[in-house]
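Comments concern the structure below.
Please treat every number below as a calculation from the coordinates, not as lab data. These numbers were taken from a predicted model, which means no experiment stands behind them. For neighbour counting, all protein chains shown are included, and Cβ atoms are generated from backbone atoms with ideal geometry for every residue, glycine included.
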Amino acid sequence: MELSKQSMSTSTSTLSLYHATTHAQIVDNHQSSLDSDQSMHNLDNIPQIRSLPSQVQIHPITPDTVKSYRGLITLLLPIRYPDKFYKEAVANTSGSTLARVALWDDTPTSSTSLSRKLASSRVVGGIQCRLEDVPSGPPGEFQLYIQTIALLSPFRQLGIATCLLDSIITSIVEHCDRTTNIYAHVWETNFEALEWYERRGFAVEDDVVEDYYQRLKPSGARVVRRRIGIEHYLAVKGRRKTTTAQQVI
């Protein structure tokens, strides 16, 4: 494993999907993405390289974007996270980070520098995860927990939430080769969110975690979990070799 757990953990309407350590609100195309989601199932849910609108880019959360990310989470999620949570979001700003934002730039140009893109873009979505030991698992085996994933509702139906999730899975496959699964908590009556996860290869576990959401009625949560297997590691490494070969050509 290349990275330590410490380094790895590091005016809109609300959304219709909640998830994670709070209600977490997830968004994505609920209808038109069904065909692409079926393809993902056929490929054992290997993260796919998706085509996003030219206005959208996925970046690590940095000191320049963490304030907007915090505003997004505060706006969309009912639980207030402590300062430590946001400090962890910017603890690692490299490509291996497990905290990322989706940036929207209305006037993107290929010649614009990254610093100018960050300055002219707005945060429309974000995801933050942490790496954990697998309970009762062998030493050195890890699982990935989705703490939050959120997207502003006007930016639904563009595949942004799925790209945020896939970017994290790709990162963990590249940098932590002993990660065996990814999981999240979902409010027990949020059937749309549960379906969103199921279409992306997650299985809904049978047991309900009682009193998980103390501010909600009912207060239970369902755990959704997805295996990360050898096929994911092989696919990402194969994609990296293909990209390198194309660059050489």
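Between residue 54 and residue 206, 0.36 nm times their residue separation minus their Cα-Cα distance comes to what?
50.7 nm
By counting other Cβ atoms within 10 Å of each Cβ, how are 230, 168, 79 ranked from fewest to most?
With the sparsest Cβ surroundings first, the list reads 230, 79, 168.
I'd like the distance separating the alpha-carbon centroids of the stretch 50-82 and the stretch 142-185, in whole Å.
Their Cα centres are 13 Å away from one another.
Within the stretch 175-230, report the GluC sites (Glu not before Pro) that DSSP leaves as loop and that have at most 12 other Cβ atoms within 10 Å.
Taking the stretch 175-230 and a limit of 12 other Cβ atoms within 10 Å, the loop GluC sites (Glu not before Pro) found are 210.
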